[in-house]
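First comes the structure, then the notes that go with it.
The values are calculated or read from the model by the stated rules, or taken from the named source; none is laboratory data. Source: prediction; values computed, not measured. Because the Cβ atoms are built from the backbone with ideal geometry, glycine has one as well, and the counts that use them run over all protein chains shown.
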Amino acid sequence: GAVVSQHPSWVICKSGTSVKIECRSLDFQATTMFWYRQFPKQSLMLMATSNEGSKATYEQGVEKDKFLINHASLTLSTLTVTSAHPEDSSFYICSARDRRTADYTFGSGTRLTVV
Amino acid sequence: KQEVTQIPAALSVPEGENLVLNCSFTDSAIYNLQWFRQDPGKGLTSLLLIQSSQREQTSGRLNASLDKSSGRSTLYIAASQPGDSATYLCAVHTGANSKLTFGKGITLSVRP
């Protein structure tokens, strides 16, 4: 089946530094990728939608200058958390929509801890 | 704005029991509904996808039903096992922008 590789699976960084998370579709092309954030015991909240070759569309309340998204190819999207602060600590999950089947496949998530 | 509700937030059952997880949504104009499983600290695994024109889908011990007009879906798990312990999330796909709206999930614990 379709696989989305997301890494790193966990990262600890110092406050003020930037962290990049990668999301890669391994055996399919994804015209659209989605980035979610999940707090403990909460649902997934969509942060932004990225389409290959164009600027990401951010949900209301999500700072686009803080959460930089790049979708440079049909198989790779990256989320960079810039100048991270402890309140950015969360579980980030990406999802890719198969260009051919329109199915969604989720990555395994990244646990970000900012200290 | 689409809202998805899953109640209760947590459920504990003895092994072998058949159980039903409920999901409700406010806007019936959906493309499809999907049930996911999430293990602690992990990503999501798709369990069943029901298109808006379908009434139910089955996979092994799992059966998901959809009543679009009433805004409800159920996930039926037969003969539950400890390995079924996880959080089950319901999500609906609405709108041309392909957004998925998730419920908060139901954390299931199956006791041996």
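Grab the strands (runs of 3 or more DSSP E) fully contained in region A:60-115, keeping just those with 1 or more residues being small (Gly, Ala, Ser). Reasoning before the result, please.
On the way: elements: A:67-73, A:76-81, A:90-98, A:104-106, A:110-114.
Strands (runs of 3 or more DSSP E) meeting the threshold: A:67-73, A:76-81, A:90-98.
Scanning region B:47-62 for residues that are aliphatic (A, V, I, L, M) and within 14 Å of chain A (Cβ to nearest Cβ) gives B:Leu47, B:Leu48, B:Leu49, B:Ile50.
Name the one entry in A:Ser43, A:Ser73, A:Ser77 that is closer than 21 Å to B:Leu100 by Cβ, modelled with pLDDT under 90 and not acidic (Asp, Glu). Spell out how you get there, then give the answer.
Values: A:Ser73 fails: closer than 21 Å to B:Leu100 by Cβ; A:Ser77 fails: modelled with pLDDT under 90.
After ruling out the rest, the residue left standing is A:Ser43.
Can you find a residue in region B:20-43 that is surrounded by fewer than 17 Cβ atoms within 10 Å (Cβ to Cβ), away from chain A (no Cβ under 14 Å), touching a Leu at 6+ places or on another chain (Cβ under 9 Å) and under 27 Å from A:Ala96 (Cβ atoms)? The answer is no; no qualifying residue exists. In region A:66-115, the residue that is farthest from the other protein chains (Cβ to nearest Cβ) out of those that are among the basic types (Lys, Arg) and more than 14 Å from the chain's Cα centre (by Cα) is A:Arg100.
Go through A:Gln29, A:Gln6 for me and flag whichever is at pLDDT 95 or above and under 15 Å from A:Phe106 (Cα atoms). Full working, then the answer.
Working: A:Gln29 fails: at pLDDT 95 or above.
That would be A:Gln6, the only listed residue that is at pLDDT 95 or above and under 15 Å from A:Phe106 (Cα atoms).
Conditions tested, residue by residue: (1) within 13 Å of another protein chain (Cβ to nearest Cβ); (2) on the phi < 0 side of the Ramachandran plot; (3) in a loop (DSSP other than H, G, I, E, B); (4) surrounded by 21 or more Cβ atoms within 10 Å (Cβ to Cβ).
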| residue | (1), (2), (3), (4) |
| --- | --- |
| B:Thr45 | yes, yes, no, no |
| B:Ala64 | no, yes, no, yes |
| B:Ser73 | no, yes, no, yes |
| B:Ala79 | no, no, yes, no |
| B:Leu89 | yes, yes, no, yes |
| B:Lys104 | yes, yes, yes, no |
| B:Leu108 | no, yes, no, no |
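A:Trp35 meets each of the listed conditions (1) at the interface with another protein chain (Cβ under 10 Å from one of its Cβ atoms); (2) in a strand (DSSP E or B) apart from (1). Residues that are on the phi < 0 side of the Ramachandran plot and part of a loop (DSSP other than H, G, I, E, B) were ranked within region B:91-102; the one that is surrounded by the fewest Cβ atoms within 10 Å (Cβ to Cβ) is B:Ala96.
The residues of region A:20-65 that are of a type in the set (A, V, I, L, M), surrounded by fewer than 18 Cβ atoms within 10 Å (Cβ to Cβ) and over 21 Å from A:Ala102 (Cα atoms) amount to a single one, A:Val62.
The set of residues from region A:54-98 being of a type in the set (Val, Ile, Thr), closer than 18 Å to A:Phe39 by Cα and free of Cβ contacts under 8 Å to residues at least 60 places away in the same chain comprises just one member, A:Val62.
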